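**Q** The structure is given below, and queries will be raised subsequently.
The values are calculated or read from the model by the stated rules, or taken from the named source; none is laboratory data. None of these values were measured; they are calculated from a predicted model. Cβ coordinates were reconstructed from backbone atoms using ideal geometry, including for glycine residues, and neighbour counts include every protein chain displayed.
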Amino acid sequence: MKLYEMTACEAAAALRKKEVTSQELTESVLERISGVEGIIKGFITILESEKILQEAKKIDKLLAEGKKLSPLAGIPMALKDNICTQGIPTTYASKMLENYRPSYDAHVTEKLKEAGTVLMGKANMDEFAMGSSTERSFFHPTRNPWDISRVPGGSSGGSAALVAADEIFFSLGSDTGGSVRQPASMCGVVGLKPTYGLVSRYGLAALAPSLDQVGPLSKDVRDCAMVLDIIAGHDPRDSTSAKSKDNYVDYLGREVKGFKIGFPKEFFGEGLEEPVKKVIMEALAKSEQLGAEVDEISLPKTPYVLPCYHLVVSAEISSALARYDGVRYGFRAREGDTLSELYRQTRSRGFGSEVKKRIILGTHVLRTEHYDDYYWKALKVRTLIKQDFEKVFRDYDLIATPTSPTTAFKLGAKNDDPQTVHSRDNYTRAANLTGIPAISIPCGFVEGLPVGLQIMGRPFEEGRMLQFCYALEDMLGVKGYKPEISVEGGH
Amino acid sequence: MLDLTEEEKTLYREQIDLILEYSRLFEELELEDVEPTINVWQLKNVLREDRAVSSDSAFLHNVLQEAPDQEEGYFLVPLIID
């Protein structure tokens, strides 16, 4: 087994036992990157090898001195390119921030630095995290390691593909409506959206501030818990940051007998591809074998999730993106000799098409004469959706659904057909609107393409969620399958 | 303020109409007495004293370095008033 094939936990254990050094792990990952990155294209920026290795050697020295470091010290990783890294390009995959080098680190960047992890580079994404295929990156699309003629999902498609291709041990993404979970599902890795407020958003480029969360993408459930242990916790610089935090790894391996799991019938109807459904139902049957009680439940407000999501997200986007005006940072159009002309030119030329569309929708629904009909109503519907979940969680510990109704689709196939786009992405939105934690774990394959199972839990109960997923992962037996990356493409 | 091509206008109109049309589904719901959810945990504003956190000139310098145009500690923009 090559070093880069190990999970983060296995690599960390080998480091502690002095079987390997961080330098060797990093060299192994660099070798892998030089082998497959030309095909996968999961990075926007890869740091200079020399600098990365210097960092790794520094950690090796600290470990040799017996310095107490986090369990993931010395492990190579990547960050989605909307997470600020001091002095290192942070582009949001947009022309608007093409040359932006932040003067500060995001909270999660600081945490991972303190923990001694080794940053390899910045992962590709849809521009400003708007999209679900990573094809909307200003730079280039990323390919799915399981079939390079297909997309990795999105918007954290680079973060997911890099983990699936063993180019890094883990990564961080961001999730506003499924942007960690959906690519995790399509690339066959674990992806978690934590409870709103569990992880600080300081230094994460805002998309929709009441929905955004940073979350880990990893090779297995244990790695996910280990990363969450590092990045979760209060940060006064994000006033929505919560004060609760747990020790997530402690939950792993505990008994899951008696867990009550509900699967909502609304998620298993029209639009869900039959073979995907079959894989999900098999995973539910295995949950029963673990001693969990699995029942069909109902979330009757599910049909309202999508319009509610689109109105809330667009309204927040139009406000959050007002800051990109060509004055303080980022792209500035050189034409125009008045300030308002500068704004107009900068924004018209700096933003891509999807971004402009959402800004226009957002400003439209926020206009005084429409405010009550659209935005305000959507916020009320959001309350009803939340109550739906609260009711179910009175009787059930977890809710299980497919993460996505389909496996990864072909590059270029998705186009701009809003109808397809909407139905495809419907399963992940509710967790963002309601703030609850949700995770996608690989649970099987359809024609060689991975299928993800989404598990949602009560607010701040990531521990129990991970406990269950850890047991189920073992039972499912799909962990450890690796894609064979070939230029041929398959399916 | 955004300039759009004719092509973009047609495409956006189509897609935006679709989403707005979607929201007609809300008419089926009784919303009169429902409280809106602006933030999921209904958080209160967190305020602090209006005082500069950093007077570190190197930090200020770095922040200004990110600007497309700057001069003597100020962001430079085109003429605002003739």
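**Q** If you check A:Ala315, A:Ala283, which single one turns out to be among the small types (Gly, Ala, Ser), part of a helix (DSSP H, G or I), in contact (Cβ under 8 Å) with a residue 12 or more places away in the chain and closer than 30 Å to B:Glu21 by Cα? Give the steps one after another, and end with the answer.
**A** Details: A:Ala283 fails: closer than 30 Å to B:Glu21 by Cα.
Unique residue meeting the criteria: A:Ala315.
**Q** Looking at (1) surrounded by fewer than 21 Cβ atoms within 10 Å (Cβ to Cβ); (2) touching a helix residue (DSSP H, G or I) at 6+ places or on another chain (Cβ under 8 Å), can you tell me which one A:Glu65 breaks?
**A** (2)
**Q** Would you check if there is a residue in the range A:113-125 being under 13 Å from the mean Cα position of the chain (by Cα), within 20 Å of A:Cys224 (Cβ to Cβ) and assigned to a loop (DSSP other than H, G, I, E, B)? Steps first, please.
**A** Our first condition is that a residue be under 13 Å from the mean Cα position of the chain (by Cα); within the range A:113-125, this holds for A:123-125.
This time we only want the ones that are within 20 Å of A:Cys224 (Cβ to Cβ), so: A:123, A:125.
Pick out the ones that are also assigned to a loop (DSSP other than H, G, I, E, B) and you get A:125.
Yes, the range A:113-125 has at least one match.
**Q** For the range A:344-356, how many residues are assigned to a helix (DSSP H, G or I) and either closer than 14 Å to A:Ala208 by Cβ or in contact with an Asp or Glu (Cβ under 8 Å, 6 or more places away or on another chain) (or both)?
**A** Going through the range A:344-356 one residue at a time, the tally reaches 9.
**Q** Please pick out the residue among A:Glu282, A:Glu341 that is at the interface with another protein chain (Cβ under 10 Å from one of its Cβ atoms) and of a type outside the set (Ser, Thr, Tyr). If you could, list the steps in order and put the result at the bottom.
**A** Values: A:Glu282 fails: at the interface with another protein chain (Cβ under 10 Å from one of its Cβ atoms).
Testing whether each residue is at the interface with another protein chain (Cβ under 10 Å from one of its Cβ atoms) and of a type outside the set (Ser, Thr, Tyr) leaves just A:Glu341.
**Q** Further question on the same structure: Answer yes or no: is there a residue in the range A:458-469 that is part of a helix (DSSP H, G or I) and of a type in the set (A, V, I, L, M). If you could, list the steps in order and put the result at the bottom.
**A** Pass one, the range A:458-469, residues part of a helix (DSSP H, G or I): A:462-469.
From the residues that got through so far, the ones that are of a type in the set (A, V, I, L, M) too are A:465-466.
Checked the range A:458-469: at least one residue is part of a helix (DSSP H, G or I) and of a type in the set (A, V, I, L, M).
**Q** Among the residues of the range A:11-21, is there at least one that is surrounded by 14 or more Cβ atoms within 10 Å (Cβ to Cβ) and closer than 16 Å to A:Asp166 by Cα?
**A** Scanning the range A:11-21, I find at least one residue that is surrounded by 14 or more Cβ atoms within 10 Å (Cβ to Cβ) and closer than 16 Å to A:Asp166 by Cα, so the answer is yes.
**Q** Select from the range A:359-369 the residues that are more than 9 Å from chain B (Cβ to nearest Cβ) and surrounded by 16 or more Cβ atoms within 10 Å (Cβ to Cβ) and write down the one among them that is nearest to the chain's Cα centre (by Cα). Lay out the reasoning, then the answer.
**A** Initially, the range A:359-369 is screened for residues more than 9 Å from chain B (Cβ to nearest Cβ), giving A:362-363, A:366-369.
The next check asks that each one be surrounded by 16 or more Cβ atoms within 10 Å (Cβ to Cβ); those that pass are A:362-363, A:366.
Numbers: A:Gly362: 24, A:Thr363: 27, A:Leu366: 28 Å.
If we take residues in the range A:359-369 being more than 9 Å from chain B (Cβ to nearest Cβ) and surrounded by 16 or more Cβ atoms within 10 Å (Cβ to Cβ), then A:Gly362 is nearest to the chain's Cα centre (by Cα).
**Q** Of these, A:Lys391, A:Lys356, A:Lys386, which one is closer than 19 Å to A:Glu266 by Cα, free of Cβ contacts under 8 Å to residues at least 12 places away in the same chain and either of a type outside the set (Val, Ile, Thr) or facing another protein chain (nearest Cβ under 10 Å) (or both)?
**A** Working: A:Lys356 fails: closer than 19 Å to A:Glu266 by Cα; A:Lys386 fails: free of Cβ contacts under 8 Å to residues at least 12 places away in the same chain.
Selected residue: A:Lys391, the only one of A:Lys391, A:Lys356, A:Lys386 that is closer than 19 Å to A:Glu266 by Cα, free of Cβ contacts under 8 Å to residues at least 12 places away in the same chain and either of a type outside the set (Val, Ile, Thr) or facing another protein chain (nearest Cβ under 10 Å) (or both).
**Q** Considering only the range A:437-491, state which residues are of a type in the set (D, E, K, R) and crowded, with 17+ Cβ neighbours inside 10 Å.
**A** Taking the range A:437-491 first, the residues of a type in the set (D, E, K, R) are A:447, A:458, A:461-462, A:464, A:473-474, A:479, A:482, A:484, A:488.
Passing the criteria: A:Arg458, A:Glu461, A:Glu462, A:Arg464, A:Glu473.
**Q** While we're on this one: Return yes when A:Arg347 is under 30 Å from B:Val63 (Cβ atoms) and more than 7 Å from chain B (Cβ to nearest Cβ) and no when it is not. It would help to see each step written out before you state the result.
**A** Numbers: under 30 Å from B:Val63 (Cβ atoms): yes; more than 7 Å from chain B (Cβ to nearest Cβ): no.
It is false that A:Arg347 is under 30 Å from B:Val63 (Cβ atoms) and more than 7 Å from chain B (Cβ to nearest Cβ).
**Q** Among the residues that make up the range A:98-106, is at least one of them touching a residue at least 24 places away in the same chain (Cβ under 8 Å) and outside any loop (DSSP other than H, G, I, E, B)?
**A** No, because not a single residue in the range A:98-106 is touching a residue at least 24 places away in the same chain (Cβ under 8 Å) and outside any loop (DSSP other than H, G, I, E, B).
**Q** Say whether the condition of being at pLDDT 95 or above, of a type in the set (S, T, N, Q) and farther than 28 Å from A:Leu472 by Cα is met by at least one residue in the range A:297-307.
**A** no
**Q** Which residue pairs have Cβ atoms closer than 6 Å, lie 6 or more positions apart in sequence or on different chains, and pair a first residue in the range B:3-23 that is under 24 Å from A:Cys308 (Cα atoms) with a second residue that is among the basic types (Lys, Arg) and surrounded by 11 or more Cβ atoms within 10 Å (Cβ to Cβ)?
**A** Listed by first residue and then by second, the contacts come to B:Tyr12/A:Lys357.
**Q** Against the condition more than 9 Å from every other protein chain (Cβ to nearest Cβ) and either closer than 24 Å to A:Leu384 by Cα or of a type outside the set (D, E, K, R) (or both), how does B:Thr37 come out, does it pass? I'd like the intermediate steps shown before the answer.
**A** Details: more than 9 Å from every other protein chain (Cβ to nearest Cβ): no; either closer than 24 Å to A:Leu384 by Cα or of a type outside the set (D, E, K, R) (or both): yes.
It is false that B:Thr37 is more than 9 Å from every other protein chain (Cβ to nearest Cβ) and either closer than 24 Å to A:Leu384 by Cα or of a type outside the set (D, E, K, R) (or both).
**Q** Going by the structure shown, is A:Thr302 of a type in the set (S, T, N, Q) and within 28 Å of B:Ser23 (Cα to Cα)? It would help to see each step written out before you state the result.
**A** Details: of a type in the set (S, T, N, Q): yes; within 28 Å of B:Ser23 (Cα to Cα): yes.
Considered against the rule, which asks whether it is of a type in the set (S, T, N, Q) and within 28 Å of B:Ser23 (Cα to Cα), A:Thr302 comes out as yes.
**Q** Being in a helix (DSSP H, G or I) and either within 11 Å of A:Ile44 (Cβ to Cβ) or in contact (Cβ under 8 Å) with a residue 12 or more places away in the chain (or both) is the filter here, so list the residues in the range A:59-95 that pass it.
**A** Residues of the range A:59-95 in a helix (DSSP H, G or I): A:59-64, A:95.
The answer is A:Ile59, A:Asp60, A:Leu62, A:Leu63, A:Lys95.
**Q** Is there a residue being assigned to a helix (DSSP H, G or I), of a type in the set (Asp, Glu) and over 27 Å from A:Lys2 (Cα atoms) anywhere in the range A:253-262?
**A** We begin by selecting, within the range A:253-262, every residue assigned to a helix (DSSP H, G or I); these are none.
The answer is no, given that none of the residues of the range A:253-262 is assigned to a helix (DSSP H, G or I), of a type in the set (Asp, Glu) and over 27 Å from A:Lys2 (Cα atoms).
**Q** Would you point out the residue of the range B:50-71, among those that are among the hydrophobic types (A, V, I, L, M, F, W, C) and not in a loop (DSSP other than H, G, I, E, B), that is surrounded by the fewest Cβ atoms within 10 Å (Cβ to Cβ)? Steps first, answer last, please.
**A** So the first thing to find is which residues in the range B:50-71 are among the hydrophobic types (A, V, I, L, M, F, W, C), and the list is B:52-53, B:58-60, B:63-64, B:67.
With not in a loop (DSSP other than H, G, I, E, B) added as a condition, the list becomes B:58-60, B:63-64.
On the way: B:Ala58: 9, B:Phe59: 13, B:Leu60: 14, B:Val63: 17, B:Leu64: 17.
The residue in question is B:Ala58.
**Q** Please work out if B:Leu25 is part of a loop (DSSP other than H, G, I, E, B) and facing chain A (nearest Cβ under 7 Å).
**A** Values: part of a loop (DSSP other than H, G, I, E, B): no; facing chain A (nearest Cβ under 7 Å): yes.
Here the answer is no, as B:Leu25 does not meet what is asked.
Results for (1) charged (D, E, K, R); (2) surrounded by fewer than 16 Cβ atoms within 10 Å (Cβ to Cβ); (3) over 24 Å from the mean Cα position of the chain (by Cα); (4) more than 9 Å from chain A (Cβ to nearest Cβ), shown as yes or no for each residue.
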position	(1), (2), (3), (4)
B:Ile19	no, no, no, no
B:Leu29	no, yes, yes, no
B:Arg48	yes, yes, no, no
B:Gly73	no, yes, yes, yes
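**Q** Of all the residues that make up the range A:318-355, how many are closer than 20 Å to A:Phe139 by Cα and surrounded by fewer than 19 Cβ atoms within 10 Å (Cβ to Cβ)?
**A** The number of residues fulfilling the criteria is 5.
**Q** A further question follows. Could you tell me whether A:Gln454 is in contact with a Phe, Trp or Tyr (Cβ under 7 Å, 6 or more places away or on another chain), under 20 Å from A:Met281 (Cβ atoms) and either polar (S, T, N, Q) or at pLDDT below 95 (or both)? Reasoning before the result, please.
**A** Details: in contact with a Phe, Trp or Tyr (Cβ under 7 Å, 6 or more places away or on another chain): yes; under 20 Å from A:Met281 (Cβ atoms): yes; either polar (S, T, N, Q) or at pLDDT below 95 (or both): yes.
Yes, satisfied.
**Q** Among (1) closer than 21 Å to A:Thr117 by Cα; (2) part of a loop (DSSP other than H, G, I, E, B); (3) free of Cβ contacts under 8 Å to residues at least 60 places away in the same chain, where does A:Lys243 come up short?
**A** The number of the failed condition is (1).
**Q** Let me ask you something else. Quick test for you: out of A:Tyr309, A:Tyr329, pick the one residue that is assigned to a loop (DSSP other than H, G, I, E, B), aromatic (Phe, Trp, Tyr) and either in contact (Cβ under 8 Å) with a residue 40 or more places away in the chain or touching a helix residue (DSSP H, G or I) at 6+ places or on another chain (Cβ under 8 Å) (or both).
**A** Details: A:Tyr309 fails: assigned to a loop (DSSP other than H, G, I, E, B).
Exactly one residue qualifies, and that residue is A:Tyr329.
**Q** Within the range A:316-327, is even one residue under 17 Å from A:Gly178 (Cβ atoms) and under 24 Å from the mean Cα position of the chain (by Cα)? Working first, answer last.
**A** Initial filter on the range A:316-327 (under 17 Å from A:Gly178 (Cβ atoms)): A:316-317.
Going one step further and asking which of them are under 24 Å from the mean Cα position of the chain (by Cα), we end up with A:316-317.
Yes, the range A:316-327 contains at least one residue that is under 17 Å from A:Gly178 (Cβ atoms) and under 24 Å from the mean Cα position of the chain (by Cα).
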